[in-house]
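Notes follow once the structure below has been shown.
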There are 2 protein chains.
Amino acid sequence: MSAAGKARRMNRDLDVLVFERSPHTSYSACGIPYHVAGYVDDPRDMQVRTPESFRERYGIDARVAHEVVSIDVHDRRVSVKRFESGKTWTEPWDQLLVATGAGPVVPDVPGADAAGVHAISTLQSGIVLRRAVDEERPRRAVLVGAGYVGLEMAEAMLERGIDTTVVEMNDQVMATLDAGMAGRVEEAMREAGATLHLGEAVEGIEVEGGKARAVRTADRTLDADLVVFGVGMRPRTAIARDADIPLGDRGAVRVDERLRSRVDGVWAAGDCAESYNLVTRRYENVALATVANKHGVVAGTNIAGGYARFPGVVGTAITRFRDLEIARTGLGEAAARALGYEVAVATIESTTRLDYYPGAEAIAVEVVGERSTGRLLGGQIVGGAGAGKRIDVLAAALHAGATLADVVDMDLAYAPPFSPVWDPVQIASRVALKDV
Amino acid sequence: MSAAGKARRMNRDLDVLVFERSPHTSYSACGIPYHVAGYVDDPRDMQVRTPESFRERYGIDARVAHEVVSIDVHDRRVSVKRFESGKTWTEPWDQLLVATGAGPVVPDVPGADAAGVHAISTLQSGIVLRRAVDEERPRRAVLVGAGYVGLEMAEAMLERGIDTTVVEMNDQVMATLDAGMAGRVEEAMREAGATLHLGEAVEGIEVEGGKARAVRTADRTLDADLVVFGVGMRPRTAIARDADIPLGDRGAVRVDERLRSRVDGVWAAGDCAESYNLVTRRYENVALATVANKHGVVAGTNIAGGYARFPGVVGTAITRFRDLEIARTGLGEAAARALGYEVAVATIESTTRLDYYPGAEAIAVEVVGERSTGRLLGGQIVGGAGAGKRIDVLAAALHAGATLADVVDMDLAYAPPFSPVWDPVQIASRVALKDV
């Protein structure tokens, strides 16, 4: 929808037609865990714009509950199915944007399709989960996967008074965090009352009367009235692959800087498209709202005949578990080593405000640099209120190709209610610099 | 002290002797308003390190209540006076660091030296003011000047239940903020119960029995039991000037990137020294703890025989009035125009969190770019909790010489509890970009 809006604003003569399978356009999927938790009661609050408002304000013909079932790139048309009537027809196009998003990975284990088993993708799936919590009053939830979704859902379930167990295949939560930082998150989760089983893969869901009743791992069987899968997202690109639109290694549509696919007249944006990573200098697939929104503006500009580029991502993400803020950008130590970098790395503990100022919270910052050049490679932050968004300084520094020394030199904002004199990201950079 | 510590750590054979006029070393002067407010009760909390700890931990001979009364750059010695005994003698040096700081400007008006009139500089001056508030229980305070000190002291006085009036010569508070942003601060101050008289210069203090009893402006006489001057800081460089160490326009010691003065073997750091501004490409005098700390590390490294450079500042500062956070970096619109720039400028209103997320606060962001090139020149932020430190992204961008478009492209952290999908600094940059 971001591309559609941008294209129409660029060129009022353009006919813009949007097909969306779900009942909603332009919603904030990131808000789903907070809807389940009860922080955001009305799901309409998570809708940025309805199809009607797109029609009225922008003259965009956005049709929900319509599925594009195939793409023909030679004759330039798509086959569309309307759910309500079951009717199917073809629509021609001059320029096609594939913005099919990503869907949750559901492990291929017995019982995964039982009632009471959820996976989060669309706003609709979030509404269904919230309703299940409200109406079925589950007593025990098992969350499979301890990534962003698992963490946010664990908070939601605990908030709703549900006994919460998280099962994670890896030996730690949050696979992209380095182990020390992940340990801080695990501690907070356990303190909040969640049970964690790390290093355990789920082997199946036990079902009774069509409904999930337990989750089975190699080591144990966990009673569950409610199961939520949060084991990753995968681009929804079967339709593109079937149309011979080339995909990358991760199954996302290959695009260039202007978000052109390898097929003339076909563009891709959002969770289903690749993004260039400015730190690793490789293409990857990032399923985040920020990237999708930027993609949309770039694709929309280009589709309308303008010129725009998407330079790339640096791998920034943030979340929260209750009062603990968790953020990352660029490469962690393990990821950097896995890519063959020799690293200069430091993890420091500091405070979010000057230590004597009321409300100062603990913050841990890890900074990773390239040992030979001092170039900043990434950072991770875990800490109290005010900790997380500090990652943006490191993200900005990564965009600039800055060194650790450049970060130390930065004129960052200080006053006792906001920071120690040296911002924690600078303290970490100073320490890491000793290994350069 | 930061230079002393760094030099000793670099070179353990170095004899490091420090003379400090006040009774304290290494304290957090920025905390004084919060001590007066009562948020920080024990002034010892504001002391980072005592002279004793410098001696024990670093082997630095730090002598408080000692004043260097003159510098001889030819014979390389200083004359020192010990307050306790009144004794004066000379000490030789190989390398001399001038770190005499800055002092508050006290307007030359009748009554400025009366009892009950305060100006904040050292920790000691803050302790004296706090004691005056505690013991004399003033009912009416008049604060002269509405910059950082005036703002923070206004919060402190209101917090202590004192009737608070602020008199400011300019037509707005916070001279470095553009008028629209300053207006938001004025509104918050008035809402909190402060009386503001803008565009009024103070002509004198009325004194009764040696004690201030009112402040007189051209327009009115304001009863006052307590008067605090906060009309700016001035480098304390008379001693350097008398020793023929060259000063810049603002009276600060001229230094190069290594913090060498123009006299061989003499260095300067902190509030008494100049800093290069990377945005304006001019030298200026910045009296901020962050800059002073960075200066100290650079000067200390160089004095010990190492090599370090201080690349410069971009003009970042932050403060708070109650719940309102106020930050700036680089040039505001007025400052940019005054320097001859044609500007692309935008001020936007957004929220600190996604609008539907509980606790989302209003935030206003102004971004200024150079119209011909799109280069970012600066930004200003006024908003609720979580607003202020976003200035660091713009500061980092200024260090990198980034354009408005670069800011829009940045991969900044987003999740509903932290930010709208486009961070407010990016929203402002997008709007400003339309004028490039």
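Structure data summary
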quantity: Equivalent ellipsoid, the stretch B:364-436 (semi-axes from 5 times Cα gyration tensor eigenvalues, Å); calculated: 20, 12, 11
quantity: Table column - 3J(HN,Hα) (Hz), the stretch A:406-412, Karplus curve with 6.51, -1.76, 1.60, x for Gly and Pro; calculated: 4, 5, 4, 6, 5, 8, 8
quantity: Simple spin-label estimate for A:Thr195 and A:Glu136 in nanometres, 7 Å along Cα-Cβ; calculated: 1.9
quantity: Rounded to 5, the percent of DSSP beta bridges in chain B classed as antiparallel; calculated: 70
quantity: Calculated FRET value between B:Ser372 and B:Asp75, using beta carbons and R₀ = 41 Å, to 0.05; calculated: 0.15
quantity: For peptides B:414-424, A:230-240, A:207-217, B:233-243, sequence by mean Cβ density within 10 Å, most packed first; calculated: B:414-424, A:230-240, B:233-243, A:207-217
quantity: Phi-based couplings in Hz for the stretch A:283-295 (Karplus 6.51, -1.76, 1.60; Gly and Pro marked x); calculated: 7, 9, 10, 10, 9, 9, 4, 4, 5, 4, 5, 5, 3
quantity: Between the stretch B:354-369 and the stretch A:382-406, the Cα center-to-center distance that results, in Å; calculated: 20
quantity: Sequence ranges B:365-377, B:252-264, ranked by mean other-Cβ count within 10 angstrom, highest first; calculated: B:365-377, B:252-264
quantity: Qualifying aspartates and glutamates (Cα of each under 19 Å from Cα of A:Lys87; at least 8 residues distant if same chain); calculated: A:Glu20, A:Asp61, A:Glu67, A:Asp72
quantity: Net charge dipole size for the stretch A:1-153 [Lys, Arg +1 and Asp, Glu -1 on Cβ; Debye, nearest 20]; calculated: 200
quantity: Estimated FRET transfer efficiency (A:Ala362, B:Trp89; beta-carbon r; R0 56 Å; 0.05); calculated: 0.75
quantity: Nitroxide proxy distance, nm - points 7 Å out along Cα→Cβ at B:Arg82 and A:Glu187; calculated: 4.8
quantity: B:Glu349/A:Asp323 FRET efficiency (R0 25 Å; Cβ-Cβ; nearest 0.05); calculated: 0.35
quantity: Average beta-carbon neighbours from other chains, 10 Å sphere, peptide B:378-388; calculated: 1
quantity: For B:Arg262, inter-copy label distances in nm, listed shortest first [label point 7 Å out on the Cα-Cβ vector]; calculated: 6.6
quantity: Length-normalised contact order for chain A - Cα pairs under 8 Å, 6+ apart - percent; calculated: 13
quantity: For the stretch B:304-436, diffusion coefficient by Stokes-Einstein and Kirkwood Rh (Cα), 10 °C, 1.306 mPa s, µm²/s; calculated: 106
quantity: Spherically averaged projected area of the stretch A:279-372 from its Cα convex hull (nm²); calculated: 9.2
quantity: Spatially proximal lysines relative to B:Lys434 (Cα-Cα < 19 Å; intrachain offsets below 8 disregarded); calculated: A:Lys6, A:Lys294
quantity: Using a 7 Å Cα-to-Cβ projection, A:Arg57 label spacings across copies, nm, ascending; calculated: 5.5
quantity: Residue-averaged beta-carbon neighbours from other chains (10 angstrom radius) around B:342-355; calculated: 1
quantity: For the stretch B:1-23 versus the stretch B:51-94, the gap between their alpha-carbon centres in whole angstrom; calculated: 11
quantity: Distant-in-sequence amide H partners of A:Ala308 (H built 1.01 Å from N, under 5 Å); calculated: A:Asn302
quantity: Among beta bridges that DSSP assigns inside the stretch B:218-334, antiparallel share in %, nearest 5; calculated: 85
quantity: Per-copy distances of the B:Arg137 label point, shortest first, in nm (7 angstrom along Cα→Cβ); calculated: 5.7
quantity: GNM flexibility winner over chain A from A:Asp392, A:Asp409, A:Asp178 (Cα, springs under 10 Å); calculated: A:Asp409
quantity: Kirkwood-Stokes translational diffusion coefficient of the stretch A:233-319, alpha-carbon pairs, 25 °C, 0.890 mPa s, µm²/s; calculated: 191
quantity: Normalised contact order of the stretch B:134-217, rounded percent, pairs of Cα under 8 Å and 6 or more residues apart; calculated: 26
quantity: Choice from A:Thr176, A:Thr301, A:Thr90 with maximal GNM fluctuation in chain A (Cα, 10 Å cutoff); calculated: A:Thr90
quantity: Residue-span extension gain [A:Asp171 to A:Lys434] - 0.36 nm each, minus C-alpha spacing; calculated: 91.6 nm
quantity: Averaged over A:396-404, number of beta-carbon atoms from partner chains that fall within 10 Å; calculated: 5
quantity: B:Val128 paired with B:Lys211, simple spin-label distance in nm, labels 7 Å along Cα-to-beta-carbon; calculated: 1.7
quantity: Beta bridges by DSSP in the protein assembly as shown, antiparallel share as percent, to the nearest 5; calculated: 70
quantity: Nonlocal amide H pairs with A:Ile60, under 5 Å, H built at 1.01 Å; calculated: A:Arg55
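Bear in mind that the values in this text are calculations on the coordinates, not laboratory data. Note that this is a predicted model, so its numbers are computed, not measured. Glycine gets a Cβ as well: all are built from the backbone with ideal geometry, and neighbour counts include every protein chain shown.
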